[in-house]
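Reading through the structure tokens given below for one structure.
The values are calculated or read from the model by the stated rules, or taken from the named source; none is laboratory data. What you see is a predicted model; the values in this text were computed from it and never measured. Note that each Cβ is placed from the backbone with ideal geometry, even for glycine, and that neighbours are counted across all protein chains shown. Heavy atoms of the whole protein, side chains included, go into the accessibility calculation; ligands, DNA and RNA do not. Shrake-Rupley method; radii C 1.70, N 1.55, O 1.52, S 1.80 Å.
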Amino acid sequence: MTAQRHKDLIAGRFSSLKVSHGVCLPDSSLEQPWTLESYRSVGGYRALEQVLEGKVDPAGIIDTLKISNIRGRGGAGFPVGVKWSFMPRQSDVQKYVVCNSDEGEPGTCKDRDIMRLNPHALIEGMAIGGYVMGATVGYNYIRGEFHEPYDVMEEAIREAREAGLLGRNILGSGFDFELHNHLGAGAYICGEETALLNSLEGKKGEPRFKPPFPAAFGLYGKPTTINNTESFASVPAIIRGDGNWMDGQWFRGLGVENSGGVKIFSVTGHVDRPGNYEVRMGMPFRELLEMAGGVWKGRRLKAVIPGGSSVPVMPAENILAANMDYSSLQEHGSALGAGSVIVMDETTDMVEVLERIAKFYYEESCGQCTPCREGTGWLYRIIRRINDGRGTPGDLDTLLDVANRIEGRTICALGDAAAWPVQSFLKHFRGEFEDKINRAAHSDVA
Amino acid sequence: MIDRAETTLSEDALAGIQGELDKYPPDRRQSALMAALRIAQDEHGWLSSELIEHVADIVRVPAVRAYEVATFYSMYDLDPVGRHKIEVCTNISCMLRGCDRVVDHLKKRLGIGFNQTTADGKFTLREVECLAACAGAPMMLVGHDYYEDLDEDKIDRILEGLE
Ligand SMILES: Cc1cc2nc3c(=O)[nH]c(=O)nc-3n(C[C@H](O)[C@H](O)[C@H](O)COP(=O)(O)O)c2cc1C
Ligand code: SF4
Ligand code: FES
């Protein structure tokens with residue numbers, strides 16, 4: 001790599017960082033936040049030190065996480081403290097912690113920035129997780145295209161190992177924890193946690209039936225906890241508690257009821273300042289949109305997908321009334337998902353957008369379940385036909401019928417993820433689909 | 001350990017594969033299969049069936065396991081490709097910010113379509129799904145490097161900088 005390219009890359013690392021709260025994204029005053037020295041200068045690894053000095057027992061940390069109200073940031077929103085409590089800490093079988101850095105949900109680009117800008121927060125969070133759950137080995141599964149984040153993570157792990165923060169007998173505590181990065185090779189489905197485990201084992205990334213859940217039968221059949229990058233990277237700050245050690249209330253108080261703390265929202269699409277915004281949960285959508293510079297070109301808002309391509313789309317009036325937290329988005333007809341806010345202006349062709357989304361799920365279905373394998377193909381072909389001006393009046397009912405037959409009938413949630421956009425686009429923007437179909441009918445006559 | 005007597009891979013590649021094997025329990029060598037295939041591909045440009053079988057031998061897994069993995073994941077190339085792989089994201093955030101123009105410009109400039117390679121073997125062009133750089137849309141991946149906030153001028157400069 002040329003020196004210039006290297007310089008450009010480093011500068012580029014900051015380009016999507018717009019607002020940080022110093023939890024998962026680094027303090028904006030730091031010049032090279034990915035170094036151990038920088039991370040330490042803002043209190044990094046103090047939480048791990050406190051934990052290993054034996055000032056708190058693992059159950060105390062789990063309580064702190066429960067109080068903090070942090071929910072999994074990978075999409076499903078399961079409480080992190082509760083998940084960690086499922087691990088059989090006392091049993092002496094080998095246990096694992098696994099980080100899901102596969103980041104494949106369209107519209108999501110936050111975990112890449114956490115790894116490029118703040119790798120030590122992830123390392124510290126995973127090491128604390130290892131201690132709490134009695135796991136001596138961790139794997140960070142990074143999507144295959146992420147060469148730069150992988151290199152930054154490898155370097156950060158090397159630094160941490162050299163400083164005695166990873167490896168054997170960490171800080172003289174008797175606790176061992178090894179951490180390794182595993183690079184994927186291109187497959188959205190590997191973001192699903194059991195597919196990810198199969199991929200870590202060197203197999204095809206096909207989801208497993210659940211139960212058994214990973215806490216009982218995970219990597220190599222051993223008890224395993226899988227969390228998203230942002231979930232692990234939030235842990236050190238929660239334990240630091242802004243000076244009040246182990247006080248989950250601090251983090252909880254940054255957010256609102258049911259949605260503790262801060263969250264990174266990746267705001268993309270038709271805004272003036274796309275980027276990652278680490279802000280308080282419960283922020284009104286209007287405010288977030290304003291932070292992102294508002295709808296570009298002075299245009300009006302038409303619709304928003306608030307949590308990545310698999311959550312339901314929301315028309316402008318619904319999202320403008322909502323706050324960015326789990327409950328509010330649900331009340332207004334969608335979900336927080338991974339916090340990937342895709343903004344669409346008044347000129348957006350909704351049929352075209354849905355066609356692109358449907359194509360994605362069709363391409364990425366692993367093919368194990370018939371409803372998903374066949375259904376995603378049907379959805380894509382019908383929507384493409386409508387968009388190409390070859391739609392027929394019965395198509396919309398067929399679409400809904402196919403979507404309803406996929407939903408809830410598959411091994412993993414990719415099936416649902418393919419069905420929800422179709423159902424919500426038709427619910428809110430049916431007119432646009434009908435227009436294209438009607439025009440098709442007229443051109444046949446002509 | 002890896003048997004160095006009969007291999008078409010360099011010392012560096014073998015050391016890289018050994019480093020990957022060391023990440024996993026000794027009886028879980030298959031976990032290093034994805035990395036071993038990647039390292040072999042980086043060295044040879046693409047994965048021929050002989051190379052896949054060779055990697056399977058090194059990792060000590062049945063060849064059929066290596067074929068399964070090589071065909072399942074999209075980043076393994078089972079046919080020859082150009083020196084530079086240009087992969088343009090056309091997913092939703094990139095689409096909203098004009099990836100069509102990026103695609104048109106690349107196709108015109110290179111004189112090829114998706115999944116084609118230029119006659120001089122320099123470039124292969126592909127369409128890919130979201131690469132998690134949506135805030136820098138429209139974007140493309142060239143080899144290992146991300147290029148974001150693309151427009152026609154920027155693309156020209158990037159292409160000119162490639163050997
Ligand atoms: C098709 C599919 C793709 C997924 N992709 C991701 C992903 O890229 N990253 C992620 O963290 N979780 C992803 N998930 C969710 C994971 O299965 C899992 O719930 C998550 O990693 C748990 O971590 P958390 O509790 O910290 O959120 C995906 C789920 C499905 C069904
Ligand atoms: S729902 Fe789709 S992606 Fe998930 S296991 Fe079934 S076929 Fe594979
Ligand atoms: S949509 Fe193109 S990088 Fe995410």
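Within the stretch A:364-377, residues that are within 8 Å of ligand 2 (Cβ to nearest atom) sit with their Cβ atoms under 6 Å from residues that are open to solvent by 40 Å² or more (accessible area, probe 1.4 Å) and at pLDDT below 95, at 6+ positions apart or across chains, in these pairs: A:371/A:409.
Specify which of the listed residues (A:352, A:374, A:346, A:363) is under 21 Å from the mean Cα position of the chain (by Cα) and acidic (Asp, Glu).
Numbers: A:352 fails: under 21 Å from the mean Cα position of the chain (by Cα); A:374 fails: under 21 Å from the mean Cα position of the chain (by Cα); A:346 fails: under 21 Å from the mean Cα position of the chain (by Cα).
Answer to the check: A:363.
Which members of the stretch A:61-78 meet the condition of being assigned to a loop (DSSP other than H, G, I, E, B) and either open to solvent by 50 Å² or more (accessible area, probe 1.4 Å) or closer than 14 Å to residue A:132 by Cβ (or both)?
Looking only at the stretch A:61-78, we keep the residues that are assigned to a loop (DSSP other than H, G, I, E, B), and these are A:69-70, A:72-78.
Within the stretch A:61-78, A:70, A:74, A:76, A:78 qualify.
Could you tell me whether any residue of the stretch B:69-83 is surrounded by fewer than 20 Cβ atoms within 10 Å (Cβ to Cβ), in contact with a strand residue (DSSP E or B) (Cβ under 7 Å, 6 or more places away or on another chain) and at pLDDT 95 or above? Scanning the stretch B:69-83 turns up at least one residue that is surrounded by fewer than 20 Cβ atoms within 10 Å (Cβ to Cβ), in contact with a strand residue (DSSP E or B) (Cβ under 7 Å, 6 or more places away or on another chain) and at pLDDT 95 or above.
Inside the stretch A:18-56, residues that are of a type in the set (Asp, Glu) and closer than 17 Å to residue A:158 by Cβ make up a count of 1. Considering the stretch A:390-441, the residues that are hydroxyl-bearing (Ser, Thr, Tyr) and farther than 18 Å from residue A:315 by Cβ include one that is nearest to ligand 1 (Cβ to nearest atom), namely A:410. Kindly establish whether residue A:161 is on the phi < 0 side of the Ramachandran plot, free of Cβ contacts under 8 Å to residues at least 24 places away in the same chain, touching a strand residue (DSSP E or B) at 6+ places or on another chain (Cβ under 7 Å) and open to solvent by 10 Å² or more (accessible area, probe 1.4 Å). Here the answer is yes, as residue A:161 does meet what is asked. Can you work out which of the residues in the stretch B:134-163 that are over 28 Å from residue A:353 (Cβ atoms) and assigned to a loop (DSSP other than H, G, I, E, B) is farthest from ligand 1 (Cβ to nearest atom)? If we take residues in the stretch B:134-163 being over 28 Å from residue A:353 (Cβ atoms) and assigned to a loop (DSSP other than H, G, I, E, B), then B:163 is farthest from ligand 1 (Cβ to nearest atom). A count restricted to the stretch A:106-153 and to residues that are out of contact with any Asp or Glu (no Cβ under 7 Å at 6 or more places or on another chain), in a helix (DSSP H, G or I) and facing chain B (nearest Cβ under 10 Å) stands at 6.
Beta carbons closer than 6 Å, at least 6 apart along the sequence or on distinct chains, pair a first residue in the stretch A:45-74 that is farther than 16 Å from residue A:225 by Cα with a second that is among the polar types (S, T, N, Q) for A:52/A:173.
Taking helices (runs of 4 or more DSSP H) as the structural unit, those lying wholly within the stretch A:266-383 and holding at least 1 residues that are surrounded by 20 or more Cβ atoms within 10 Å (Cβ to Cβ), of a type in the set (Ser, Thr, Tyr) and within 15 Å of ligand 1 (Cβ to nearest atom) correspond to A:326-331, A:350-364. Residues of the stretch A:29-37 include none that is open to solvent by 50 Å² or more (accessible area, probe 1.4 Å), in a loop (DSSP other than H, G, I, E, B), more than 14 Å from every other protein chain (Cβ to nearest Cβ) and within 25 Å of residue A:327 (Cβ to Cβ). With respect to the conditions (1) away from chain B (no Cβ under 11 Å); (2) part of a helix (DSSP H, G or I); (3) not charged (D, E, K, R), residue A:198 falls short on a single one, namely (1). Among the residues of the stretch A:397-414, those that are surrounded by fewer than 19 Cβ atoms within 10 Å (Cβ to Cβ) and not in a loop (DSSP other than H, G, I, E, B) comprise A:397, A:398, A:400, A:401, A:404, A:405. Evaluating residue A:417 against the criteria (1) among the small types (Gly, Ala, Ser); (2) within 16 Å of ligand 3 (Cβ to nearest atom); (3) surrounded by fewer than 18 Cβ atoms within 10 Å (Cβ to Cβ) leaves one unmet condition, (3).
In the stretch A:204-215, is there at least one residue being within 16 Å of ligand 3 (Cβ to nearest atom) and crowded, with 24+ Cβ neighbours inside 10 Å? First the steps, then the outcome.
Our first condition is that a residue be within 16 Å of ligand 3 (Cβ to nearest atom); within the stretch A:204-215, this holds for none.
There is no residue in the stretch A:204-215 that is within 16 Å of ligand 3 (Cβ to nearest atom) and crowded, with 24+ Cβ neighbours inside 10 Å.
Residues in the stretch B:107-134 that are in contact with an Asp or Glu (Cβ under 8 Å, 6 or more places away or on another chain) and either facing chain A (nearest Cβ under 9 Å) or at pLDDT below 95 (or both): B:128, B:129, B:130, B:131, B:132, B:133. Among the residues of the stretch B:110-133, is any away from ligand 1 (no atom under 16 Å from the Cβ), farther than 23 Å from residue A:14 by Cα and more than 20 Å from the chain's Cα centre (by Cα)? Scanning the stretch B:110-133, I find at least one residue that is away from ligand 1 (no atom under 16 Å from the Cβ), farther than 23 Å from residue A:14 by Cα and more than 20 Å from the chain's Cα centre (by Cα), so the answer is yes. Taking the condition of being within 12 Å of ligand 1 (Cβ to nearest atom) and either in a loop (DSSP other than H, G, I, E, B) or open to solvent by less than 40 Å² (accessible area, probe 1.4 Å) (or both), how many residues in the stretch A:176-195 meet it? Selection size over the stretch A:176-195: 8. What number of residues in the stretch B:20-47 are more than 7 Å from chain A (Cβ to nearest Cβ) and open to solvent by 40 Å² or more (accessible area, probe 1.4 Å)? Number satisfying all stated conditions: 8. Only a single item in (1) out of contact with any Ser or Thr (no Cβ under 6 Å at 6 or more places or on another chain); (2) open to solvent by 10 Å² or more (accessible area, probe 1.4 Å) is not met by residue A:125, and it is number (2). The listed residues are A:326, A:362, and the only one of them that is more than 16 Å from ligand 3 (Cβ to nearest atom) and either in contact with a helix residue (DSSP H, G or I) (Cβ under 7 Å, 6 or more places away or on another chain) or at positive phi (or both) turns out to be A:362.
Scanning the stretch A:72-105 for residues that are small (Gly, Ala, Ser) and within 16 Å of ligand 3 (Cβ to nearest atom), which turns out nearest to the other protein chains (Cβ to nearest Cβ)? Per the criteria, the residue is A:104.
Annotation: of all residues in the stretch A:5-20 being at the interface with another protein chain (Cβ under 10 Å from one of its Cβ atoms) and over 20 Å from residue A:233 (Cα atoms), the one that is farthest from the chain's Cα centre (by Cα) is A:5. Within the stretch A:420-436, take every residue that is open to solvent by less than 30 Å² (accessible area, probe 1.4 Å) and more than 16 Å from ligand 3 (Cβ to nearest atom) and give me the one that is farthest from residue A:377 (Cα to Cα). Going through the qualifying residues, I end up with A:429.
If the condition is being within 8 Å of chain A (Cβ to nearest Cβ) and open to solvent by less than 10 Å² (accessible area, probe 1.4 Å), then the stretch B:136-163 contributes B:136, B:137, B:141.
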